[in-house]
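K.L.:
I am attaching a structure below and will ask some questions about it afterwards.
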Amino acid sequence: MKTQRRNFLKIAAMAVLGWGVRPASEILASGGGTASEGLLFASRHKVHVGPNALTASRWAMVIDTAKLNEKVMEDIVHTCHSIHNVPTIPGNQNIKWIWETHMDHLFLEDLHEYQPEAGAKSALALCNHCDNPPCVRVCPTKATFQREDGIVMMDFHRCIGCRYCMAGCPYGSRSFNFMDPRKHLETTNPDFPTRTKGVVEKCEFCAERLAEGKMPACVEVSEGALAFGDLGDPESEVRKLLAERFSIRRSPTLGTKPCVYYLV
Amino acid sequence: MLEKAINGSKVYWGWIAFLLLLMSIGAACYWQQLSHGLTITGMSRDVTWGFYIAQFTFLVGVAASAVMLVIPKYLHNYHKFGKILILGEFNAVAMVILCLLFIVADLGSPQRLMNVLIHPTPNSVLFWDMVVLNGYLLINILVGWVTLESERKQIAPPKWIKFFIYLSIPWAVSIHTVTAFLYCGLPGRGYWLTAVLAARFLASAFAAGPAFLILVTYIAKIFTGFDPGKGVLATLGKTVVYAMCVNLFLLLCEVFTVFYSQIPSHMAHLQYLFVGYHGHGVLVPWMWSAMIMAVVGILILIVPKNREQDNLLIIGCLLIFIGAWIDKGLGMIGGGFVPNPLHEITEYVPSQLELGVSLGIYATGFLVLTILYKVAIGVKQEIE
């Protein structure tokens with residue numbers, strides 16, 4: 001009797017553990033996947049850095065709102081979403097890495113009613129890669145983590161989909177895959193992984209392009225509206241812009257220290 | 001002792017069969033969720049936690065209520081509670097199991113659940129919530145089972161169990177405090193960003209939990225003839241009404257702070273919940289019903305004579321329990337997300353499949369509760 005019970009408990013424990021750590025099955029995660037997906041099964045916590053990689057002590061982005069127009073913003077959003085396999089999903093269970101929104105939504109406390117034009121103007125919203133990121137603080141598995149150069153990254157394979165980071169982010173910068181995103185992709189970029197349902201994702205400052213010595217895709221197509229560089233380098237373009245022009249950040253009073261600056 | 005759970009009347013087996021039916025409906029709905037993802041819920045990019053997490057938040061409170069029996073019994077030697085103490089502890093077991101099931105149901109990738117243990121992250125409150133919830137579950141299983149077993153043998157409980165009984169007191173407080181901390185440390189969510197949230201959670205827990213205990217004890221009395229003893233439930237009713245008064249007081253503190261300070265991001269959520277915001281207000285009738293139920297419940301139970309009358313005690317407890325459920329199980333979590341930090345309004349209403357899954361989970365919890373109560377009351381009646 002005793003040994004039987006012990007054996008039963010042993011088997012039950014193994015079964016529970018096995019269920020917990022086995023790779024995603026066909027039911028629990030949608031199958032399929034792309035050629036490069038295999039690479040991403042390795043933890044993203046160890047980022048491969050090539051010989052030409054761009055490095056910085058603190059990456060930051062500067063957005064010149066005066067240079068943004070409908071066409072530039074559309075190009076930016078389209079480029080980012082297509083190279084990162086971000087699906088277009090109708091409704092409010094959608095995915096957004098970078099998107100267009102009104103200035104008065106971006107800067108709730110900075111605009112006032114006597115500047116109607118400024119409020120109605122559009123600008124781009126994206127992950128702020130905060131110096132003090134609440135999403136990293138709340139993540140229970142370190143699926144959201146911050147690199148030494150400030151980039152806040154997602155490990156899609158570690159995320160359990162609890163969405164605590166989305167409650168924690170005060171900028172609405174994160175999206176959750178409520179459904180299988182692959183069904184909503186018309187074309188797939190084989191150089192970047194597609195995601196499965198049940199994980200959170202967001203902008204990663206094109207960490208994969210920086211590793212190859214390329215600037216973020218949004219910066220490349222921005223026609224000079226977006227600048228990207230090292231805050232730790234006084235000679236960098238971003239530092240020069242911030243010294244010359246007046247800039248604001250989103251909800252600075254929350255203490256998250258966002259690293260996306262808007263020139264106004 | 002478990003054999004007591006397999007000797008029952010037709011009513012007992014009918015109830016078990018009914019619960020199993022509800023569980024299979026829930027399982028079918030959950031199968032849909034597994035294959036299609038959380039898209040089957042009413043949640044969205046803006047409202048990322050919904051009915052599941054709200055139920056978990058509410059039920060943590062019902063679980064913590066056991067402490068309202070343990071404290072009088074063990075710290076104040078109020079032995080009248082001895083007879084229903086086991087019901088409180090077994091209730092805690094069932095409720096914590098419900099909480100854990102709701103958390104798992106809410107996960108987008110439940111197959112990776114163990115990542116929380118494989119990559120323990122002490123800076124996340126969710127990690128600590130897992131620790132305190134599982135700890136409370138184990139403590140209550142241990143204390144409940146050991147004391148019941150010694151009661152059956154009619155011997156004094158072993159001395160070492162005292163340690164766990166005393167441990168269960170701060171632990172009960174911890175489960176709801178840590179659950180409140182899940183919410184109240186988040187920047188940009190004005191409705192939750194308040195130090196009084198943990199206190200409010202505890203107050204509503206100590207109202208809703210004992211109210212639930214009173215109600216199930218009456219149900220047990222009807223079906224098994226179990227007699228908790230004279231005046232025991234009336235005394236517990238006193239806890240319910242005092243705790244609900246504190247809960248309402250804390251809510252008023254919140255309303256004062258928010259509206260006297262006039263900070264828009266903090267006012268918006270209460271406006272959304274109670275008067276509607278920019279034409280949106282699905283929760284307005286619910287929230288006012290909750291308030292009315294709470295106030296009427298208090299008015300009934302605050303009168304000592306009313307607590308002595310079974311019918312009035314039951315009605316009062318029902319009103320307070322449902323009021324607290326609406327406040328926490330609907331308003332607290334949904335209302336915290338609307339409007340979102342970008343001041344956009346996306347409302348949330350749970351979907352049918354989401355409610356189906358929840359129904360199945362509730363049925364599972366009640367199955368555990370029924371079996372544990374069957375055993376506990378069976379033992380009590382055997383020794384009498």
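K.L.:
Could you tell me how many of the residues in the range B:338-362 are within 16 Å of residue B:56 (Cβ to Cβ) and not hydroxyl-bearing (Ser, Thr, Tyr)?
P.N.:
Residues flagged as within 16 Å of residue B:56 (Cβ to Cβ) and not hydroxyl-bearing (Ser, Thr, Tyr) within the range B:338-362 amount to 7.
K.L.:
Could you give every pair whose Cβ atoms fall below 8 Å, whose first residue belongs to the range B:244-255 and is within 22 Å of residue B:68 (Cβ to Cβ), and whose second residue is of a type in the set (Ser, Thr, Tyr) and surrounded by 16 or more Cβ atoms within 10 Å (Cβ to Cβ), counting only separations of at least 6 or pairs across chains?
P.N.:
Qualifying pairs under 8 Å: B:244/B:204; B:247/B:204.
K.L.:
Quick one: residue B:106 ticks every box in (1) of a type in the set (D, E, K, R); (2) farther than 30 Å from residue A:199 by Cα; (3) under 19 Å from the mean Cα position of the chain (by Cα) except a single one, so which number is it?
P.N.:
Failing condition for residue B:106: (2).
K.L.:
Still on this structure, please answer the following. Filter the range B:35-78 down to residues that are of a type in the set (S, T, N, Q), in a loop (DSSP other than H, G, I, E, B) and more than 9 Å from chain A (Cβ to nearest Cβ) and give me whichever is surrounded by the fewest Cβ atoms within 10 Å (Cβ to Cβ).
P.N.:
Going through the qualifying residues, I end up with B:77.
K.L.:
In the range A:100-121, which residues are outside any loop (DSSP other than H, G, I, E, B), away from chain B (no Cβ under 13 Å) and crowded, with 16+ Cβ neighbours inside 10 Å? Lay out the reasoning, then the answer.
P.N.:
As a first pass, look at the range A:100-121 and keep what is outside any loop (DSSP other than H, G, I, E, B): A:100-106, A:116-120.
With the extra rule that they be away from chain B (no Cβ under 13 Å), the set shrinks to A:116-118, A:120.
Within the range A:100-121, A:118 is the sole residue that qualifies.
K.L.:
Also, I was wondering about something else. Only one of A:94, A:128, A:132 is within 29 Å of residue B:124 (Cα to Cα) and surrounded by fewer than 15 Cβ atoms within 10 Å (Cβ to Cβ). Can you tell me which?
P.N.:
Only one candidate qualifies: A:132.
K.L.:
In the set B:217, B:224, which member is under 18 Å from the mean Cα position of the chain (by Cα), buried (at least 16 other Cβ atoms within 10 Å of the Cβ) and under 19 Å from residue B:84 (Cα atoms)?
P.N.:
Testing whether each residue is under 18 Å from the mean Cα position of the chain (by Cα), buried (at least 16 other Cβ atoms within 10 Å of the Cβ) and under 19 Å from residue B:84 (Cα atoms) leaves just B:217.
K.L.:
Any idea which of (1) under 19 Å from the mean Cα position of the chain (by Cα); (2) without any contact (Cβ under 8 Å) to a residue 60 or more places away in the chain; (3) closer than 28 Å to residue B:39 by Cβ is the one residue A:98 doesn't satisfy?
P.N.:
Of everything listed in (1) under 19 Å from the mean Cα position of the chain (by Cα); (2) without any contact (Cβ under 8 Å) to a residue 60 or more places away in the chain; (3) closer than 28 Å to residue B:39 by Cβ, residue A:98 misses just condition (2).
K.L.:
Among A:203, A:218, which is the only one that is more than 14 Å from every other protein chain (Cβ to nearest Cβ) and touching a Phe, Trp or Tyr at 6+ places or on another chain (Cβ under 7 Å)?
P.N.:
The unique qualifying residue is A:203.
K.L.:
Could I ask something else about it? Which of the following residues is buried (at least 16 other Cβ atoms within 10 Å of the Cβ), in a loop (DSSP other than H, G, I, E, B) and among the hydrophobic types (A, V, I, L, M, F, W, C): B:186, B:148?
P.N.:
Only one candidate qualifies: B:186.
K.L.:
Report the residue count in the range B:6-34 for those that are more than 13 Å from residue B:357 (Cβ to Cβ), open to solvent by 10 Å² or more (accessible area, probe 1.4 Å) and part of a helix (DSSP H, G or I).
P.N.:
Matching residues across the range B:6-34 total 12.
K.L.:
Residue by residue through the range B:220-241, note down the ones that are in a helix (DSSP H, G or I) and free of Cβ contacts under 8 Å to residues at least 12 places away in the same chain.
P.N.:
B:221, B:222
K.L.:
Also: Only one of these is more than 27 Å from residue B:1 (Cβ to Cβ), more than 14 Å from chain A (Cβ to nearest Cβ) and not small (Gly, Ala, Ser): B:170, B:158. Name it.
P.N.:
That would be B:170, the only listed residue that is more than 27 Å from residue B:1 (Cβ to Cβ), more than 14 Å from chain A (Cβ to nearest Cβ) and not small (Gly, Ala, Ser).
Residues are listed down the side, and each one gets a yes or a no for (1) open to solvent by 10 Å² or more (accessible area, probe 1.4 Å); (2) under 23 Å from residue B:79 (Cβ atoms); (3) of a type in the set (Phe, Trp, Tyr); (4) within 14 Å of chain A (Cβ to nearest Cβ):
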position	(1), (2), (3), (4)
B:181	yes, no, yes, yes
B:194	yes, no, no, no
B:201	no, no, yes, no
B:233	yes, yes, no, no
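K.L.:
Of the residues B:211, B:243, which single one is open to solvent by 10 Å² or more (accessible area, probe 1.4 Å), closer than 30 Å to residue B:271 by Cβ, at pLDDT 95 or above and within 21 Å of the chain's Cα centre (by Cα)?
P.N.:
B:243
K.L.:
Among the residues of the range B:104-127, is any buried (at least 24 other Cβ atoms within 10 Å of the Cβ), away from chain A (no Cβ under 11 Å) and touching a residue at least 12 places away in the same chain (Cβ under 8 Å)?
P.N.:
Looking for residues that are buried (at least 24 other Cβ atoms within 10 Å of the Cβ), away from chain A (no Cβ under 11 Å) and touching a residue at least 12 places away in the same chain (Cβ under 8 Å), one finds at least one in the range B:104-127, hence yes.
Residue-by-condition table, conditions (1) open to solvent by less than 20 Å² (accessible area, probe 1.4 Å); (2) of a type in the set (Lys, Arg):
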{"position": "B:156", "(1), (2)": "no, no"}
{"position": "B:159", "(1), (2)": "no, yes"}
{"position": "B:165", "(1), (2)": "yes, no"}
{"position": "B:170", "(1), (2)": "no, no"}
{"position": "B:174", "(1), (2)": "no, no"}
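The values are calculated or read from the model by the stated rules, or taken from the named source; none is laboratory data. Quick caveat, the model's predicted, so the values are computed rather than measured. All Cβ positions, even for glycine, are placed from backbone atoms using ideal geometry, and neighbour counts span all protein chains on display. Quick note on the areas: whole protein, heavy atoms, side chains included, nothing else; ligands and nucleic acids left out. Shrake-Rupley method; radii C 1.70, N 1.55, O 1.52, S 1.80 Å.
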